[in-house]
Amino acid sequence: MPHSCRLLDGAAEHIEALAQRYLGQPYPWYGGRDQSPAAADDRPDSVHTMG
């Protein structure tokens, strides 16, 4: 898996807690409950400058 994407332990539980808090109901899981929540980390591998 690329370094810019990692699976989050406990992400589904966190999503459910947020849904309960803000929606007042379980998260609808539009793509199905077996989705793998992931976080993107868009940091560059390197930076080049001129001068």
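Given R₀ = 22 Å, FRET efficiency for His14-Asp45 by Cβ-Cβ distance, to 0.05? Each step should come with its number before you reach the end.
Values: r = 28 Å, r/R0 = 1.28.
Plugging the Cβ-Cβ distance into 1/(1 + (r/R0)^6) gives 0.20.
Residue-wise HN-Hα couplings along segment 15-27, as the Karplus relation 6.51 cos²θ - 1.76 cosθ + 1.60 with θ = phi - 60° gives them from phi, are 4, 4, 5, 5, 4, 4, 5, 9, 9, x, 7, x, 5 Hz; Gly and Pro carry x.
Since every read-out is calculated from the coordinates, none of them should be taken as a lab result. Owing to the predicted nature of the structure, the values given are computational and were not obtained by experimental measurement. Positions of Cβ are backbone-derived with ideal geometry, glycine not excepted, and every protein chain shown enters the neighbour counts.
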